[in-house]
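Comments concern the structure below.
The values are calculated or read from the model by the stated rules, or taken from the named source; none is laboratory data. What you see is a predicted model, and the numbers here were worked out from it, not measured in a lab. Don't worry about glycine lacking a Cβ; one is built from the backbone with ideal geometry, like all the others, and counts go over all protein chains shown. Just so you know, the surface numbers come from the protein's heavy atoms only, side chains and all, with ligands and any DNA or RNA stripped out. Shrake-Rupley method; radii C 1.70, N 1.55, O 1.52, S 1.80 Å.
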Amino acid sequence: MRAIKRIIPLLFFIPFIYSSCQQNDEYVSELPQGFPELEIPEDNPMTNAKIELGKKLFFDTALSRDSTISCGSCHFMQNAMTDPKRFSIGIDNQAGTRNAMSLANVAYGTSFFRDGGVPTLEIQVITPIESTEEMDIPIVDVAKRLNQNAEYRKLFKKVFNDEVTPFGITRAISAYERTIISGNSPFDKYHFQGDDTALNDSEKRGMELFFSDKLNCSSCHTGFNFSNNTFQNNGLYVVYEDIGRMRIEMDSVNYGKFKVPTLRNIEVTAPYMHNGSLNTLEEVIEHYAKGGMHGKYQSELITGFDITDSEKQDLINFLKSLTDKDFITNPNFAP
Ligand code: HEC
Ligand code: HEC
């Protein structure tokens, strides 16, 4: 009898405990040292259940017309969430025209795609789904398809208290993408975590070069994510097949400008540049050393420099110290 008396008040509290657990499903991100706070859109708070649903959607081929392609078909964990192919293969074996982008730290992006043509991660989700070269299905049809699946209906009910909707699909996938954070490379251990032994002498010499006025790399590849989030013409061509930012803002000053990409995990994200035209870091450094192709719209910051072969090797070793092994083996980022 005494035991029952104790249980009754407990039973009374269970529904409250349960509902507060649901509310406290808020995702607590453990950001790497030196990383700024994330700005999460008000209409898309991060919860663990939403992130889990977003991951399931990210790797689900049901998001393409013939159920062959998922987001994960072009964004691979071991390549820092980009594609080792020069041009990714979408639906019906079609190749695109731009090299896929790493999704590492995409949460900090201020615009998306190489030309920055899309303003938010939420909206970005619709682009590959509806692109006739990538997944080729209207997102409303994806919602209809997933509504026939009992598990998805259950998960959307739990996360959004609704049936499967395009709104929910874009919110869940972008919430998941905001967890794709990389900041535990040897460089981070050295620079942000105070471990002087994390870089060897060659990597330290390469770091000096990278941040030097002579090489000037950090006038564009700067800050914790090695990008100032601007668009620049880094002198790859005189005549560009893909005019880059000018497709979005029709002013010739934008000719051949592309988003300054992060250099994090650069060792595993080859090939390089918007069109994957450079295969190795050696080729990239050659490109900058010769001062680009000197086109009319090339950035004035690309001026060229002389470095010895051993300095070149130091610079490459530094770039390779930006590889975050925990990130490229983290099962949260694989199906
Ligand atoms: C067929 C290959 C392919 C598929 C499928 C694909 N992507 Fe991509 N992704 C790319 C390419 C290529 C780019 C660069 C496109 C450009 O700049 O125009 C890109 C760029 C992005 C970007 C921009 C990153 C940045 O920093 O600006 C995000 C975010 C992204 N993809 C997420 C997704 C999501 C989410 C899905 C699934 C809904 C998806 N991708 C499906 C190839 C693909
Ligand atoms: C004027 C700004 C600017 C400067 C200075 C600059 N870069 Fe870049 N970098 C860019 C842009 C823009 C791209 C992307 C170009 C494209 O997509 O075609 C890029 C691309 C790269 C890439 C390929 C990234 C990828 O994922 O494809 C590497 C590596 C790189 N830069 C390293 C360096 C190094 C090393 C230096 C110094 C020697 C340097 N950059 C100086 C703007 C700059």
Would you rank 306, 83 by solvent-accessible area, highest first, keeping every protein chain in place and using a 1.4 Å probe? 306, 83
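To the nearest 0.05, what FRET efficiency results for residue 219 and residue 94 with a Förster distance of 30 Å applied to their C-beta separation?
On the way: r = 37 Å, r/R0 = 1.24.
Calculated value: 0.20.
Which value in deg cm²/dmol, rounded to the nearest 500, describes the helix-derived mean residue ellipticity at 222 nm for the chain, given -39,500 (n - 2.57) per DSSP H run of n ≥ 4 and division by the residue count?
Helices in the chain give a 222 nm mean residue ellipticity of -10000 deg cm²/dmol.
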Taking protein heavy atoms only, a 1.4 Å probe, and rounding to whole percent, the accessible area of the chain owed to carbon and sulfur comes out at 54
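Need one number: the % of Cα-Cα pairs in the stretch 183-243 sitting beyond the 13 Å mark.
Within the stretch 183-243, distances greater than 13 Å cover 71 percent of Cα pairs.
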Would you mind computing, in nm to one decimal, how far apart the modelled labels at residue 313 and residue 111 are, each placed 7 Å from Cα along Cα→Cβ? 4.2
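In terms of solvent-accessible area of protein heavy atoms at a 1.4 angstrom probe, what is the ranking of 247, 171, 145, highest value first?
Details: 247 135, 171 35, 145 75 Å².
The ranking, largest first, comes out as 247, 145, 171.
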Between their Cα atoms, which of 204/290; 144/257; 50/144; 85/189 are more than 28 Å away from each other? 144/257; 85/189
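Considering every pair of different Cα atoms, what Kirkwood radius, in Å, is found for the chain? Could you put the intermediate results ahead of the total?
Values: mean 1/r = 0.0457 Å⁻¹.
It works out to 21.9 Å.
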Restrict the search to the stretch 29-116; then list the GluC sites (Glu not before Pro) that DSSP places in a loop and that have at most 12 other Cβ atoms within 10 Å of their Cβ. 30, 37, 39, 42
When all protein chains stay in place, what accessible area (Å², nearest 10, 1.4 Å probe) is found for residue 253? 80
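How much accessible area per residue does the stretch 28-181 have, counting only protein heavy atoms and a probe of 1.4 Å, in square angstrom?
Values: 7000 Å² over 154 residues.
The answer is 45 Å² per residue.
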Could you rank 269, 230 by how accessible they are, 1.4 Å probe, largest area first? 230, 269
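Stick to the Cα atoms of the stretch 28-181, pair each with every other, and give me the Kirkwood hydrodynamic radius in Å at one decimal.
Working: mean 1/r = 0.0630 Å⁻¹.
Computed over the stretch 28-181, the radius equals 15.9 Å.
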Per residue Cα convex hull volume in Å³ - calculated over the stretch 58-126: 92
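Stretched out fully, how many nm does the piece from residue 250 to residue 280 gain, at 0.36 nm a residue minus the Cα gap?
Numbers: separation 30, 0.36 × 30 = 10.80 nm, distance 3.21 nm.
Value of the extension gain: 7.6 nm.
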